[in-house]
1. Taking a cut-off of 24 Å, what percent of all Cα-Cα pairs in segment 210-367 are separated by more than that?
2. Determine, from the Cβ-Cβ distance of Glu350 and Lys302 and an R0 of 30 Å, the FRET efficiency 1/(1 + (r/R0)^6), rounded to the nearest 0.05.
3. Please report the relative contact order for the chain, taking Cα pairs under 8 Å with a sequence separation of at least 6, and give it as a percent rounded to a whole number.
4. Comparing Ala356, Ala42, Ala71, which has the greatest mean-square fluctuation in the GNM of the chain with Cα pairs linked when under 10 Å apart?
5. With viscosity set to 1.002 mPa s and temperature to 20 °C, compute the Stokes-Einstein D of the chain, Rh being the Kirkwood radius across alpha carbon pairs; µm²/s, no decimals.
6. For segment 217-360, what is the charge dipole size about the Cα centre, in debye to the nearest 20, if Lys and Arg each add +1 at the Cβ and Asp and Glu each add -1 at the Cβ?
7. Which whole-number percent is the relative contact order of segment 102-176 (Cα, under 8 Å, 6+ apart)?
8. Nothing charged except the Cβ atoms of Lys and Arg (+1) and of Asp and Glu (-1): what's the magnitude of the dipole of segment 3-145 about its Cα centre? Round to the nearest 20 debye.
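Please treat every number below as a calculation from the coordinates, not as lab data. Owing to the predicted nature of the structure, the values given are computational and were not obtained by experimental measurement. No Cβ is skipped: glycine too gets one built from the backbone with ideal geometry, and neighbour counts run over all protein chains shown.
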Amino acid sequence: MLTPYTDSSPFISSENDWSEEKILDSIRQMKEELRQRVVILAHHYQSDQIISFADETGDSLELAKKVSRYADREYIIFCGVRFMAETAKMLAGPHQKVILPDLEALCSLADMATSNDVESAWETILQFIPPTVIPITYINSSSDLKAFVGRKNGYVCTSSNADKIIRHALQEGERLFFFPDQHLGRNTCYQMGIPLEKMPVYHPHLPSGGLSEKQIKESRVLLWHGYCSVHQGFSVQQVKQVRKKDPDAKILVHPECPFDVVEASDMAGSTSFIINHIDQAALGTRFAVGTEINLVNRLAIKHFPVKTVYSLSPFQCLCTTMYRIRPFWLMKSLEAVREEKEFNHITVPEETARMALKALENMFRQS
Ligand code: 13P
Ligand code: SF4
């Protein structure tokens, strides 16, 4: 039986009491000591220090798939944001515990669609159209929302399989309801030939989502009014600046960027797509990249001086919640495992997990 951690627990000391060197040394030692019991998974947006301790890195889909490879580990320490850790918990075995080193590491995009708001939107749109609407939730969503989708036999998708999932779902139903990221939905569907006017945006806080009966009836895809505040910051103006100053540079962006940015860029894809594309490019290629800054800086250092990589934006595009997973909290997570203390365990209610898993499995079957 694990002792729960409380703020007054002696094993937690303040981050300021530790030098960086001591923290990193301590992680190194405990990771080695606990290597049979713990696996550390890290998303590409984590800081270099966290990445250096990861057993596995990946985009959202890869990390979700990697969970099953570590069924022998008692603990999964997930260095990413909460929806990723919740997904890992649902995909892990009942004997495994998932730790998110900082429970405040949320995703502002995931928080833009609550399951209550989506359920009431669902009722609203079904007043106007037959029930042949397929719900698709981006993996950047709460487990409650994934459970809602599972109950309707819909799909989860990620940035790396959205086209496959959407293509498949469009064969099953006349219409899609896609949430929470309007940009991923719009960018992917437009690539498949769906015109913009067939993809109206549903605003959860407006009556009837701010849409007329005609708009809903004539839609092919209803997009939720959600966006990632990090990727929303990239603009066509920045693309034009790069084209002017560095005309040979390739512009590579994440599909969470706004439609006009993706259209003006050379390519869009998931974080792993961006990494692989730059890895495989010819020597001398130059890239302006529209995604989170930790990843862009890591790619710039990795390829210097044979390829040039820099951010599309002159501003710091940091995902501040990913950045909450600092080495100190990774150290505390390992320390809790070693001392048999309960610390930042992720839990998902059983029925929610059961229905959310249905939506995740529907995705895995197609990708
Ligand atoms: P990827 O699945 O492409 O890694 O994206 C996750 C994410 O949160 C991007 O903002
Ligand atoms: Fe969420 Fe955006 Fe951060 Fe990705 S970059 S985790 S979508 S807030």
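1. Value for segment 210-367 (Cα pairs over 24 Å): 55 percent.
2. Computed FRET efficiency for Glu350 and Lys302 comes out at 0.10.
3. Reported as a whole number, the value is 23 percent.
4. Ala71
5. 100
6. Dipole size: approximately 400 debye.
7. 33
8. Approximately 600 debye in magnitude.
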